[in-house]
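To keep things clear, I will list the structure first and then write my remarks on it.
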Amino acid sequence: MLIHIVEDEVSIRELESYALEKNGYEVRCFENSNDFYDEIKRRTPDLILLDIMLPGDDGLTILGKLRSESAYSMIPIIIISAKTTELDRVKGLDLGADDYMCKPFSVMEMLSRVKARLRNIPEAVPYILNFEGIAMSEGARTVTAGDVPVELTYKEYELLKMFLTSPRIVLRRDDILDKVWGRDSTGRTLDVHIRTLRAKLGEYGKYIKTVRNVGYKLDKDD
């Protein structure tokens, strides 16, 4: 399941992300409303952890916008904020938050509340990731390139998923290795899988770009 964290304080964002990832959740982090809005239009999360005091739109404004749009109105939202008065909590809940936690908070309690909210979600329709003719259906775990099915190994699938969830963003070699293989791997392993993945995607493999001395990215032709 995918969880979005909207939190501008780095230490708290990293703490929440680490705890959730260790418990098997996929996590995307945002430090401002603009980046969050851009991403949620592309891929809808299963749950949102939302701070109130943020650059750009504050958390309550974000909450109001999400609850006013049918596509996002049912996403569970847990506010985690340093605004701790009873009035703050009531305001957040009245605007549509499903839960409200005050900083500082217990990581174990946060995880418990996340799990409780996610248990109440009906099984979601598998989401589709798309980029220039490459399509991945999560849940069904299928991939097509130009509507032609592509058979991938588990690692190739996870590698492509990493690209599709972060299009046009340069992914560092070490980050890819750590995410897909863990630390017990080498750059040679990554290079071989990139080469094989490009070949399996056929003409669409050209979108996997090499960024010299840094890593790779999924992007259109220059």
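The values are calculated or read from the model by the stated rules, or taken from the named source; none is laboratory data. Quantities reported herein were computed from a predicted structural model and do not represent experimental measurements. Cβ sites come from the backbone with ideal geometry, for glycine too, and all protein chains shown count toward neighbours.
In the set Leu201, Leu177, Leu190, which member is of a type in the set (A, V, I, L, M) and at pLDDT 90 or above? Before the answer, list the steps.
Working: Leu177 fails: at pLDDT 90 or above; Leu190 fails: at pLDDT 90 or above.
Within the list Leu201, Leu177, Leu190, the selection yields Leu201.
Do any helices (runs of 4 or more DSSP H) entirely within region 18-106 hold 1 or more residues that are under 29 Å from Phe131 (Cβ atoms), and if so, which?
Values: elements: 33-42, 59-68, 86-94.
Output list reads 33-42, 59-68.
In the set Asp57, Asp51, Asp46, which member is within 28 Å of Ser137 (Cβ to Cβ), touching a residue at least 24 places away in the same chain (Cβ under 8 Å) and either over 17 Å from the mean Cα position of the chain (by Cα) or not assigned by TED's automatic domain parsing to the domain that holds Asp178 (or both)?
Result: Asp46 is the single residue among Asp57, Asp51, Asp46 that is within 28 Å of Ser137 (Cβ to Cβ), touching a residue at least 24 places away in the same chain (Cβ under 8 Å) and either over 17 Å from the mean Cα position of the chain (by Cα) or not assigned by TED's automatic domain parsing to the domain that holds Asp178 (or both).
Looking only at residues in region 170-213 that are exposed (fewer than 12 other Cβ atoms within 10 Å of the Cβ) and assigned to a loop (DSSP other than H, G, I, E, B), which one is nearest to the chain's Cα centre (by Cα)?
Gly182
Any idea which residue in region 9-24 is surrounded by the most Cβ atoms within 10 Å (Cβ to Cβ), counting only those that are under 21 Å from Ser112 (Cβ atoms) and either aliphatic (A, V, I, L, M) or in contact (Cβ under 8 Å) with a residue 40 or more places away in the chain (or both)?
The initial filter retains those residues of region 9-24 that are under 21 Å from Ser112 (Cβ atoms), namely 12-24.
Then keep just the ones that are either aliphatic (A, V, I, L, M) or in contact (Cβ under 8 Å) with a residue 40 or more places away in the chain (or both); that gives 12, 15-16, 19-20, 23.
Values: Ile12: 18, Leu15: 16, Glu16: 23, Ala19: 16, Leu20: 21, Asn23: 10.
Among those residues, the one meeting the criterion is Glu16.
Among Ile5, Ile77, Ile40, which is surrounded by 13 or more Cβ atoms within 10 Å (Cβ to Cβ) and over 24 Å from Phe163 (Cβ atoms)?
On the way: Ile5 fails: over 24 Å from Phe163 (Cβ atoms); Ile40 fails: over 24 Å from Phe163 (Cβ atoms).
Every option except Ile77 fails the conditions.
Could you say whether any residue in region 57-67 is at positive phi and among the small types (Gly, Ala, Ser)?
Restricting attention to region 57-67, the residues satisfying the condition of being at positive phi are none.
No, that holds for no residue.
Somewhere in region 118-128, is a residue under 17 Å from the mean Cα position of the chain (by Cα) and under 16 Å from Leu20 (Cβ atoms)?
yes
Would you please name the residue that is farthest from Leu218 (Cα to Cα), looking only at residues in region 143-155 that are outside any loop (DSSP other than H, G, I, E, B) and at pLDDT below 90? Spell out the reasoning first.
Start the filter on region 143-155 by keeping residues that are outside any loop (DSSP other than H, G, I, E, B), which leaves 143-145, 148-149, 154-155.
Those still in the list that are at pLDDT below 90 too: 154-155.
Values: Tyr154: 19, Lys155: 17 Å.
My answer is Tyr154.
Can you run down the residue pairs with Cβ atoms below 6 Å, 6 or more apart or on separate chains, where the first is in region 131-149 and at negative phi and the partner is assigned to a loop (DSSP other than H, G, I, E, B) and at pLDDT below 90?
Ser137/Pro126; Glu138/Pro126; Glu138/Tyr127; Ala140/Pro126; Val143/Leu152
Against the conditions (1) in the same structural domain as Asp51 (by TED's automatic domain parsing); (2) surrounded by fewer than 16 Cβ atoms within 10 Å (Cβ to Cβ); (3) modelled with pLDDT under 90, where does Leu95 fall short? Just the number, please.
Checking Leu95 against (1) in the same structural domain as Asp51 (by TED's automatic domain parsing); (2) surrounded by fewer than 16 Cβ atoms within 10 Å (Cβ to Cβ); (3) modelled with pLDDT under 90, the one that fails is (2).
With (1) modelled with pLDDT under 90; (2) touching a Pro at 6+ places or on another chain (Cβ under 8 Å); (3) not hydroxyl-bearing (Ser, Thr, Tyr) as the list, and Leu47 as the residue in question, which single condition is left unmet?
Evaluating Leu47 over (1) modelled with pLDDT under 90; (2) touching a Pro at 6+ places or on another chain (Cβ under 8 Å); (3) not hydroxyl-bearing (Ser, Thr, Tyr) leaves (1) as the failure.
Please find, among Lys65, Lys161, the residue that is under 18 Å from the mean Cα position of the chain (by Cα) and modelled with pLDDT of 90 or more. Break it down into steps so the answer makes sense when it comes.
On the way: Lys65 fails: under 18 Å from the mean Cα position of the chain (by Cα).
Of Lys65, Lys161, the one residue that is under 18 Å from the mean Cα position of the chain (by Cα) and modelled with pLDDT of 90 or more is Lys161.
Out of curiosity, is Ala140 in a strand (DSSP E or B) and not assigned by TED's automatic domain parsing to the domain that holds Gly24?
Here the answer is no, as Ala140 does not meet what is asked.
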